[in-house]
Amino acid sequence: MKRVAAVDLGASSGRVMLGEVGPDVLRLTELNRFWNGPVRTNGTLYWDVLHLYRSVLDGLRLAGAVDSIGIDSWAVDYGLLDKAGRLLGNPIHYRDARTRGVMERVLETIPAGELYGVTGLQQLPFNTIYQLVAEELPAEASTLLMIPDLLAYWLTGELGVERTNASTTQLYDVRSREWSDELISRIGVPRAIFPVLQEPGSIVGRVVADDNGLTSGVPVVAVGTHDTASAVVAVPAAGERFAYISSGTWSLVGLELDAPVLTEEARAANFTNEGGVDGRTRFLRNVMGLWILQECQRIWGDDDLDGLLRDAAGAPPFAVLIDPDAPEFLAPGNMPERIDEHCRTTGQEPPRSRAAVVRCILESLALAYRWTLRSAQAIAGRDVDVLHVIGGGSRNELLCQLTADATGLPVLAGPVEASALGNVLVQARALGEPLPDLDAMRALVRSTHRLRHYQPQGKPADWDAAESRMFGTR
Ligand code: ADP
Ligand code: LRH
């Protein structure tokens, strides 16, 4: 039996989990869960990275003796170190406004087609490439580390960037599987700040016990350090005819493929080809996700999600629809007001109650999932029979049912803690547990976790009509 600690930092909460893996055993115990989110000072949005690190240490101490530690987190963001390994400033949140207009500027010198041909990445205004162009790199910057790599560095003293997360920077060559020297030079950033790439599943260092209360020598394993890569490992699918939605702050909607799809059609539909564990491709699109609902709850001061969902279930269907991927929903702020404004500009009467707002968000997400999944299947030439919903959003029964109804696919919901499970599984394999491939890992998730089934209900024609109302212009 392997006993490992999984650190999983999502955009809305972080957790440290104890994972136990053995023949027919895959168990998670939550040791510590802590708030995560943007903190604004002087107009800039930051992550509170030291709060995260302290909370990670609290969790790791609670874990006691473990065989290894693995860390995953949200993608694209980074910390810069000087020559002595000191962090230069607090990492900035990808929702910060400093990248406004930068993508458009960069695309004037690096054509979108060329960028896609090298990186296979979807255009998101906060991709690492645009963040680096948006900021003046400090002269002392010597090393760039993605967030999980930064925490691993603090634990072990070893520098490196793990591949699945590197693949989200838009500075990684998806075919050669190396940093793109060409793109890095074209944005004028020194190549030397990009450290060696690490393979998911490799031991990248060992814990150095200073005064952190940990035992020295425990191996730190580079898991799929991108949380979505770890989540996809734990999709409890059999075979390849499945789609997934990794549902949390974001909804990552797509397919797992053996190779990237770099066609003009994929680029035009803004699909990404992120790197997966075992060389797989995560062919997906970011849908804005439950972020919109989280921000409504923050503005309303209402943390009774169960109550909101119950009321939304009784609200009239298809009253108001928004495009959840509209840029105005990206930054933190008064989401209910932005929804009203979006409705006015699209000729709809704004929703009048919280229940109506929540219903609008969930139906609009379900429609965005439908559009994305149909596009993904058509572009990749892969048909699917089942849709797996994983992550915190898999607990949202109304959303799962609407997703089944909108897509016409049976939905299997769970596991909730997919990223932590994928993290644990990759560590267990690195330690010698006989889990030869993703199929074996997924079979273990299937046999140890109960899933909820949702069959499509309602009239498909209602969703067809809603889609043309919402996405007529997409
Ligand atoms: P992230 O990793 O991006 O921080 P999570 O996977 O933790 O996100 O998912 C968080 C989301 O899960 C919340 O925004 C919330 O909408 C949803 N969620 C969590 N618990 C429940 C619940 N009991 N019922 C419905 N939805 C839930
Ligand atoms: C989800 C996620 C997603 C990225 C976004 C920045 O947590 O990692 O895959 O696009 O955060």
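For labels at residue 259 and residue 451 in the simple 7 Å Cα→Cβ model, what's the distance in nm?
Each label point is offset 7 Å from its Cα along the Cβ direction, giving 2.8 nm.
What whole-number distance in Å separates the alpha-carbon centres of region 418-474 and region 159-226?
26
Give me a comma-separated list of calculated 3J(HN,Hα) values for region 139-155, in order, Karplus coefficients 6.51, -1.76, 1.60 applied at θ = phi - 60°, integers in Hz, x for any Gly or Pro.
Each residue's phi maps through the Karplus curve to give 4, 7, 4, 10, 9, 9, 10, 6, 4, x, 5, 5, 5, 5, 5, 5, 6 Hz.
Would you kindly derive the ³J(HN,Hα) couplings of region 101-111 from the backbone phi angles with the Karplus curve 6.51 cos²θ - 1.76 cosθ + 1.60 (θ = phi - 60°), listing them in order in whole Hz, with x for Gly and Pro?
In residue order, the calculated couplings are x, 5, 4, 4, 5, 5, 5, 5, 9, 10, x Hz.
For the chain, what relative contact order do you get, as a whole percent, if you take Cα pairs closer than 8 Å and at least 6 residues apart? It would help to have the intermediate numbers written out before the result.
Working: 1012 pairs, mean separation 77.6, N = 474.
Relative CO of the chain lands at 16 percent.
What number in nm² do you get for region 147-221 if you take the convex hull of its Cα atoms and divide its surface by four? Don't jump to the answer; show the numbers that get you there.
Details: hull surface 21.8 nm².
So the Cα hull casts an average projection of 5.5 nm².
Rounded to the nearest 0.05, what FRET efficiency do residue 431 and residue 61 give with R0 = 22 Å and r taken as the Cβ-Cβ distance? Could you check? Please list the in-between numbers first.
Working: r = 21 Å, r/R0 = 0.95.
Computed FRET efficiency for residue 431 and residue 61 comes out at 0.60.
Under a point spin-label approximation (7 Å from Cα along Cα-to-Cβ), what is the residue 349-residue 305 distance to one decimal in nm?
Going by the 7 Å Cα→Cβ label model, 3.1 nm.
Quick check: Cα centre of region 2-81 to Cα centre of region 82-115, how many Å?
Comparing the Cα centres of region 2-81 and region 82-115, I get a distance of 25 Å.
Considering only DSSP beta bridges where both residues belong to the chain, give the percentage that are antiparallel (nearest 5). If you can, show how the numbers build up before the last one.
On the way: 51 of 70 bridges.
The answer is about 75 percent antiparallel.
Going by amide H atoms built from the backbone, whose H comes under 5 Å of the H on residue 389, apart from near neighbours?
Those lying under 5 Å, H to H, from residue 389 are 245, 412, 413, 414.
Give the peptides 378-386, 116-124, 69-77, 219-227 in descending order of average Cβ contacts within 10 Å, highest first. Mind dumping the intermediate values first?
On the way: 378-386: 14.8, 116-124: 21.3, 69-77: 27.2, 219-227: 29.7.
Result, highest mean Cβ count within 10 Å first: 219-227, 69-77, 116-124, 378-386.
Mind listing the long-range amide H neighbours of residue 167? Cut-off is under 5 Å, sequence gap 5 or more, other chains count too, H placed in the peptide plane at 1.01 Å from N.
Those qualifying (amide H under 5 Å, at least 5 residues apart or on another chain) are 275.
Report the Cα centroid-to-centroid distance between region 254-275 and region 313-355 in angstrom, as an integer.
First find each Cα centre; the distance between them is then 29 Å.
Can you give me the long-range amide H partners of residue 234? Hydrogens built in the peptide plane at 1.01 Å from N, cutoff under 5 Å, separation of 5 or more residues or another chain.
422
Quick one: Debye curve from the C-alpha atoms of region 187-269, no solvent, what's log10 I(q)/I(0) at q = 0.25, 0.26 Å⁻¹?
-1.20, -1.21
With each run of n ≥ 4 DSSP H residues scored as -39500 (n - 2.57), what mean residue ellipticity at 222 nm is computed for the chain after dividing by its residue count and rounding to the nearest 500 deg cm²/dmol? The partial results should precede the final answer.
Numbers: 17 runs with 175 residues, N = 474.
Mean residue ellipticity, 222 nm, calculated: -11000 deg cm²/dmol.
Just to check I understand the Karplus step: with θ = phi - 60° and J = 6.51 cos²θ - 1.76 cosθ + 1.60, what whole-Hz values come out for region 63-79, glycine and proline as x?
For region 63-79, the Karplus-derived couplings read 5, x, 6, 10, 7, 6, 10, x, 10, 10, 7, 4, 9, 6, 8, 8, x Hz, x marking Gly and Pro.
Which three semi-axes in whole Å describe the equivalent ellipsoid of region 380-474, each the square root of 5 times a Cα gyration tensor eigenvalue, listed largest first?
Numbers: eigenvalues 214, 41, 28 Å².
With the √(5λ) rule applied to region 380-474, the semi-axes are 33, 14, 12 Å.
Can you give the convex hull volume per residue for the Cα atoms of the chain, as a whole number of Å³? Each step should come with its number before you reach the end.
Numbers: hull volume 64.5 nm³, N = 474.
Convex hull volume per residue, Cα atoms: 136 Å³.
Read the figures in this text as sums done on the coordinates, not as results from a lab. Note that the structure is predicted; figures quoted are calculated from it, not measured. Glycine also receives a Cβ, built like all others from the backbone with ideal geometry; neighbour counts cover every protein chain displayed.
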